[in-house]
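Here's the structure, in structure tokens; my notes come after.
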Amino acid sequence: MTGLARRIGIGLLASALGSGIAVAQGWQHIGKVQRVEKFEDGIELTAGAAKVRLTVFRDGVFRVRVAPSGTFPKDFSWAVVESSEPPTFKVEENQKEIRITVGSVVATIQRSPLLINFSDTAGNILLADEPNLPMAWNGKRVHVWKKMPGDENYYGLGDKAGPMNRRNRAFTNWNTDEFGWQESSDPLYKTIPFFIGLRKGAAYGVFFDNAYRSVFDFGKESQDYFSFGAEGGELNYYFITGPEPKKIIEAYTAMTGRSPLPPLWTLGYQQSRYSYYPEARAREIVKTLREKRIPADAIYFDIDYQQGNAPFTINHEYFPTFEKMIADFRAQGMHTILITDLHIKRDPNHGYAPYDSGMKNDVFVKNPDGSVLVGVVWPGPSVFPDFTLSRVRGWWGGLYKDFVGMGAAGFWNDMNEPSLFERADKTMPLDTVHRLDDGTTLDHRAIHNVYGMQNVRATYEGLRKLQPEERPFVLTRAAYAGAQRYAATWTGDNSSTWNHLKMSTPMLLSMGISGYPMVGDDIGGFAGSPTADLLTRWFEVGALNPIYRGHTAKGTADQEPWVHGPEHEAIRRKYIELRYELMPYLYTGIEEASRTGIPLMRPVFLEYPQASDFYGDNRDFLFGKDFFVAPVTTEMVDAEEISLPPGEWYDFWTNTKLSSKEKFSLRPRLEEMPLYVRAGAIVPMQPLMQYTDEKPNGPLELRVYLPGSTASNDCRGTLYQDDGHTFAYQKGEILRVNYSCQVSNGSATVVSTIEKNAFQPWWKSAEITVFGMADAPKEVRIGNDVVRDWRYDDRAHAVTLIVLDAAKNWSVRLAF
């Protein structure tokens, strides 16, 4: 046996019954449909002792549940938050099959044996059970096999290492503290059992809502089928139709929740290491950032700020004026983020309030004999909150009161896989008992993968109570599907190697299309010390990642932007500054992600699903709809081949217009990262500032990249702004402006249309720069008024003018 078979004990044998159906050794497969019962949301099928429910969850989403004993457990999910609202559907039956039709999607159930296929109304199969391997169970284990077309590609599963396309590999989901992970390392920190199948431009999604240790095999065991299953829990999965990949992500994140709109400052550059101490060192870091005019918004404090590594304490020997330090940083526009690991030091009779109050209120997880579980972590012997209880989450959230009162702006929940020392499996014993609000219990097999998610849920909800008007910022290492509702994340303990820089993009893209758009990695790598060129290249690509945090381990060389001398410092500053200049575009994209689930950092196939040349692209990505990024992730011994997505693109640095039909090679200098803008993009930018709370000095900047005549109907952009930190946006206190342009014979017109104007932005005027002008215009008008005050740059082929009253509807017309 190989691959998945070796891991879960599946060996395929020919059936001795002569039915033509193979069996998986030790497994009991679903049999023949004997009864069909109709419900308002779908049907229930009886097959021997087993029952299968196939329901319509919402338009385009089907749900499959299997009860081997015929009794379904209480319907509960840690991930799914959307209520089922089944649309109108039609059920048809004949002697061979049952069909459920919803809109353009058909679920067909073969009666003998029970097999489920999903197709469009034209009969094109989207997803089908493997005919020789019906759904099965073996004790507590559950499994399903699906046909695997030879040209189908698979994406998702969160932070898996290696290529973004999962085909020909098998994976395990079991949240694991995996320091020093590499391409073949699996499992890693997160469990997101959701994937997208993509073939010839058409896509579907599958979400296997099962928090136990699960496995996904995309062709390692067989090139004829893929499969997924778990060690326990329900065989319970959702089929999500497309065919557009974007539609699948929107539907999946509607089900499992979307990332809340973060505070604006979290999108700035963040400086971290393990650890900044003593206080004088932390102050020196902030002072140097400001003196060198390197924009930054946050500084992190790892475990060394704590007394003996005990969470919610302060080492006053290292930090004699900790509270004043936080206030001083805030006065300089720098936000303080504190690590608060979930383990509580076992420290009785010493006035350590988190332990004392926790014991008093019975909040810690227990062994099967009822004693409190004790494990060794950073503080030494430690105990662990039972986050599956709402009262414990409330207790945990209250622990942040003092830090919030001091002005700490964000919190970092690490080690929450959960990770324990001195154990071969690096986590809690599997028989650890977790209590639920309904009075029942589950062991750690059922809770392990959601434990970190409930930890950050407790943190997020606690901060909402302590500061009801302020958007929380929580960073987590471990996650389950749906954790995006509570926390941003990063890819864990990466390494300072070119290979890890190369792997960062497919991991971040995979997280984004797995419903987790607020994600980053440790710029420069956590383990080890990067070379000067490697760190500089990482700063370049990191500037266009959702979270932009420099971080490194104890004992490594410094990795702040100014290390390695003035040349490298200048390049790193250039890209940090680019991020701040793009902040209006970036924030608009993050707001879109919070509203639709579509990530800011996205693979090319998300916008261009027919562009199969990009199905295996692990280097390039889109930054929103309008930027194509081709980062340098090697030491550049050879020239880099660049292929552009369909259409026309402008080189961001030279403003040269290029076509996707052109193939070219580049050997970028150290200060150059290939960056392109879609012809037809209208990009909002701003003057440079040193932190996001600083008011920019100058007008809003709008860069209009004129399309060719064939694409003139796809020229648009959007600007979203609000106060950047409160929940007033939920009451409609926002500014949303839609921009468009049209190119026709003899003229180009740019139009601004206010969609919502209930927030006063920092700007009143806008500087409009229109690229793609072969010659100076004969006439420029704002509305009906001829404008004399404009300039033409013949090198950039661009016209620039000022619209004075820009926070309203206006139009600019340039006559050729």
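The values are calculated or read from the model by the stated rules, or taken from the named source; none is laboratory data. Since the model is a prediction, treat every value here as computed from it, not as a measurement. Counting neighbours? That spans all protein chains shown, and the Cβs are built from the backbone with ideal geometry, glycine included. All accessible areas refer to the heavy atoms of the entire protein, side chains included, with ligands and DNA or RNA removed. Shrake-Rupley method; radii C 1.70, N 1.55, O 1.52, S 1.80 Å.
Per-structure values
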| quantity | calculated |
| --- | --- |
| Relative contact order (percent, whole number), the chain, Cα cutoff 8 Å, 6+ residue spacing | 10 percent |
| Where labels lie 7 Å past Cα in the beta-carbon direction, separation of Glu82 and Arg283 in nm | 5.2 nm |
| Nearest-0.05 FRET efficiency for Gln34 and Thr634, computed from C-beta distance (R0 41 Å) | 0.10 |
| Asn349-Lys502 FRET efficiency (beta carbon distance; Förster radius 56 Å; 0.05 resolution) | 0.60 |
| Normalised contact order of the range 760-816, rounded percent, pairs of Cα under 8 Å and 6 or more residues apart | 48 percent |
| Mean separation of Cα contacts under 8 Å (6+ apart) over length of the range 98-255, as relative contact order % | 20 percent |
| Shape category assigned to the range 380-452 from the gyration tensor of Cα positions, a/c cut at 1.5 | oblate |
| Relative packing of peptides 187-195, 237-245 - highest average C-beta neighbours within 10 Å first | 187-195, 237-245 |
| Modelled FRET efficiency - R0 41 Å, Glu567 with Asn784, Cβ distances, 0.05 increments | 0.20 |
| Average accessible surface area per residue within the chain, 1.4 Å rolling probe, Å² | 36 Å² |
| Listed candidates (i) 1.15; (ii) 0.98; (iii) 1.25 - label of the one calculated as Cα Rg over 2.2 N^0.38 Å | (ii) |
| Simple spin-label estimate for Gln307 and Asn745 in nanometres, 7 Å along Cα-Cβ | 8.2 nm |
| Estimated 222 nm signal from helices in the chain, with DSSP H stretches of n ≥ 4 weighted -39500 (n - 2.57), rounded to 500 | -5500 deg cm²/dmol |
| Label point 7 Å beyond Cα of Arg667 along Cβ direction - residues of the range 642-660 with amide nitrogen under 16 Å | 642 |
| Cα shape, the range 309-371, gyration tensor, a/c 1.5 rule | prolate |
| Antiparallel bridges, percent of DSSP beta bridges restricted to the chain (to nearest 5) | 85 percent |
| Interchain or long-range residues, amide H under 5 Å from Leu115's placed H | Gln110 |
| Neighbour cut-off at most 14 other Cβ (10 Å), DSSP loop, GluC sites (Glu not before Pro), the range 441-497 | Glu469 |
| Charge dipole magnitude, Cβ of K and R +1, D and E -1 - the range 408-509, Cα centre, debye nearest 20 | 280 debye |
| Percent carbon-and-sulfur accessible area, the chain, ignoring ligands, DNA and RNA, probe 1.4 Å | 48 percent |
| Full-extension gain in nm, Asp402 to Ser357, via 0.36 nm per residue minus C-alpha separation | 14.7 nm |
| Karplus-derived HN-Hα couplings along the range 335-347 (A = 6.51, B = -1.76, C = 1.60, θ = phi - 60°), whole Hz, x at Gly and Pro | 9, 9, 10, 10, 6, 9, 5, 7, 6, 10, 4, 7, 9 |
| Length released on extending from Asn124 to Asp775, taking residue separation times 0.36 nm less the Cα-Cα span | 229.3 nm |
| Beta bridges per DSSP with both ends in the range 215-365, % antiparallel, nearest 5 | 35 percent |
| Separation in nanometres of the label points that stand 7 Å from Cα toward Cβ, at Ser612 and Thr321 | 6.7 nm |
| Fully extended contour minus Cα-Cα distance, from Val91 to Asp431, at 0.36 nm per residue | 118.0 nm |
